[in-house]
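Okay, structure first, notes after.
The values are calculated or read from the model by the stated rules, or taken from the named source; none is laboratory data. This one's a predicted model, so the numbers in the text were calculated from it and none came from an experiment. FYI the Cβ positions are ideal-geometry reconstructions off the backbone, even for glycines, and counts take in every protein chain you see. We work out accessible area using only protein heavy atoms, side chains counted, and drop any ligands, DNA or RNA first. Shrake-Rupley method; radii C 1.70, N 1.55, O 1.52, S 1.80 Å.
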Amino acid sequence: MVLKIWVGKRESDILTYKYFDISITFWGSSNNRNHSYCTTERLKDNYGNDFTHYVLKLLLQYIEQSPKRSIEIHFYNNSFAYKLIKLEPILKNYIVNINSQRIFDIVRHKTLSRVWLQNTVEVPQFIYLSKHECQYDKLVDRFPHYNKFIIQKSISGGGNGTYLLCATNWEDIIYNLNNDDVFLVSPYYEKNISLNCHLIIDNTSITVFPVSKQLLRYEDNQVSYCGNQYLVNNSKLSVLTKEVATTIGYRLMSASYRGICGLDFIFANGKLMLIEINPRYQGSSYLVNAELKRLHLPSLFELNNMAFRQHINEELSKKISKMEISYESHTCIYREESSIAITDYPRNVRLFLDGLPQTYTYEDGVYLYRYLKKCKR
């Protein structure tokens, strides 16, 4: 029997579809074979040395305790898997569903992926600049029809490292950028719609999941993710997004990428534009899994296995493409200045606390909990 271990940010990522025997997470309940790094302190997620060694120690313990048992280690984000393999190469024998680090690094690099795909799909206008080249007046000269700009680190996630720069805040943003780095800069398209969808890529086919509108938060000069609302499956925007996603999927397949990934788009000025590729599970994956379970279809975890080991049959892929997801997801963070009590949870929702009740101290801006609720169409 295979012992299946999950490593990720939140225990709730795996709670909507039972598949794993053990989970090791940054936030979690520490119950039901979950090992949570954060217990009484609610810290912002990071893959720093302390968390790395916490995970590494537990994984090696399970390997040592089960010498005759087959072990599979699955990661929310394989960038962390590569980090652990460098520290302890033996883990490579147990980590499953992982692409080569070369294609992984190309795909997750915001600039390289746009350069690679810009002749196949629409992408926003962009330039690559150092910190000292990001002066507001210089950006207006480069993009004369715009007065706001998106500045991004080439590798980041969840909105961390994504800044919305304008005439009043540009000096504060520039001050916080690293001197020895370069940044992806695009004009900010007003009245845009931010979109996301999952893909699973096997050797012969692309499975495209329902398309969601991403809910974004604009705070502290940054743009961050805070939830999803799914589009009606046969809407024009959903159909267009799936068509473009399929095209991108075949380009990824041609470069030997396999398994799950997420695509972020914006729809603005009548165009659908690729923003970035996330070669990992998504913040909305737990929501997709909830719908897959309701429909008695395989989980994302099982579908990812199929992509690496065999293929997803056409009938199953069609069922997935036709899904209508009737729930939306919302993520709550902690703000010191907020008058709302942490325990004032929303009602009539499916709540995921990820160990919050055991917590006594909170960093400002830290993740608290998330929930699913019925969509209002």
Which value at 222 nm does the chain reach when only helices count, each DSSP H run of 4 or more adding -39,500 (n - 2.57), with the total divided by all residues and rounded to the nearest 500 deg cm²/dmol?
-8000 deg cm²/dmol
Quick one: which residues, 5+ away or cross-chain, put their amide H under 5 Å from the amide H of VAL123? H built at 1.01 Å from N.
LEU274
Karplus (6.51, -1.76, 1.60) ³J(HN,Hα), θ = phi - 60°, over the range 255-268, in Hz, Gly and Pro reported as x:
9, 6, 6, 9, x, 7, 7, x, 10, 10, 10, 10, 10, 8
Rounded, prolate or oblate: which fits the range 15-95 when a ≥ b ≥ c are the square roots of the eigenvalues of the alpha-carbon gyration tensor, with rounded for a/c under 1.5 and prolate only if a/b beats b/c?
oblate
Value of Rg/Rh across the range 200-285 [Cα atoms, Kirkwood radius]:
0.98
So what's the range 245-377 giving for Cα Rg divided by 2.2 N^0.38 Å, two decimals?
1.30
Can you give the Kirkwood hydrodynamic radius of the range 242-316 from its Cα pairs, in Å with one decimal?
13.9 Å
Name the residues whose placed amide hydrogens come within less than 5 Å of the amide hydrogen of PHE265, ignoring near sequence neighbours (fewer than 5 apart) on the same chain.
LEU195, ASN196, ILE275
Placing +1 on each Lys and Arg Cβ and -1 on each Asp and Glu Cβ in the chain, then taking the dipole about the Cα centre, the residue among CYS332, TRP6, LEU297 whose Cα reaches farthest towards the positive end is LEU297
What percentage of the solvent-accessible surface of the chain, computed with a 1.4 Å probe over protein heavy atoms, is contributed by carbon and sulfur atoms?
48 percent
Which ³J(HN,Hα) values, rounded to whole Hz and listed in residue order, are derived for the range 238-252 from phi using the Karplus coefficients 6.51, -1.76 and 1.60 in 6.51 cos²θ - 1.76 cosθ + 1.60 with θ = phi - 60°, glycine and proline given as x?
5, 4, 4, 4, 5, 4, 5, 4, 4, 4, 5, x, 5, 5, 5
Length-normalised contact order of the range 36-179 in % [C-alpha pairs under 8 Å, at least 6 apart]:
15 percent
Taking the solvent-accessible surface of protein heavy atoms with a 1.4 Å probe, what is the per residue accessible area of the range 96-246 in Å²?
47 Å²
Over the range 1-111, how many pairs of lysines fall under 19 Å by alpha carbon, counting only those 8 or more apart in sequence or from different chains?
13
Largest-first ellipsoid semi-axes for the chain, taking √(5λ) over the Cα gyration tensor eigenvalues, angstrom:
31, 26, 22
Estimated vicinal HN-Hα couplings, Hz - the range 343-358 in sequence order (Karplus 6.51, -1.76, 1.60; Gly, Pro = x)
7, 7, 6, x, 9, 6, 9, 9, 9, 10, 9, 6, x, 4, x, 8
Pick out, from CYS226, ILE260, LEU287, the residue whose Cα sits farthest towards the positive end of the charge dipole of the range 210-292, with +1 on the Cβ of Lys and Arg and -1 on the Cβ of Asp and Glu.
ILE260
